[in-house]
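J.: Right, I'll just put the structure down here and ask away after.
A short reminder: the numbers here are calculations on the coordinates, not readings from a lab. Fair warning: this is a prediction, and the values are worked out from it, not measured in the lab. Cβ coordinates were reconstructed from backbone atoms using ideal geometry, including for glycine residues, and neighbour counts include every protein chain displayed.
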Amino acid sequence: MMVDLPLTFQQNNGDVPFPTQPRRTSSGKPVLIRNRNFDVNPDINAANAKGQGWNLERSGLPNGTKGFALSGDRATPVYYVFDNTLERSRT
């Protein structure tokens with residue numbers, strides 16, 4: 001999942017940091033987080049876990065990152081990052 005850190009969740013009409021926060025990044029850029037036990041805990045917002053099991057997979061994504069694609073398998077994933085380079089080349 002591509003996110004900005006720190007992660008927060010909604011509680012009592014306010015944003016609260018996840019208690020089990022993936023390692024933080026100070027770059028201000030989006031990061032990829034992953035849950036290696038996805039079959040057991042697929043929902044990062046689950047009331048009983050609040051981010052538990054989700055770890056920082058890749059940080060320091062390039063400026064302008066719009067999304068990503070994934071190939072490979074669970075043990076050796078390969079990430080492809082999409083940015084606005086293609087959009088700029090079309091104009």
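J.: Quick one: if you stick a label point 7 Å off each Cα along the C-beta vector at Gln52 and Ala75, how many nm between them?
T.: Placing both labels 7 Å along Cα→Cβ, they lie 2.8 nm apart.
J.: Which FRET efficiency value, to the nearest 0.05, is calculated for Phe38 and Asn12 with the Förster distance at 25 angstrom and r the Cβ-Cβ distance?
T.: Between Phe38 and Asn12 the formula returns 0.30.
J.: Val3 to Lys66: FRET efficiency via 1/(1 + (r/R0)^6), r the Cβ-Cβ distance, R0 22 Å, to the nearest 0.05?
T.: 0.95
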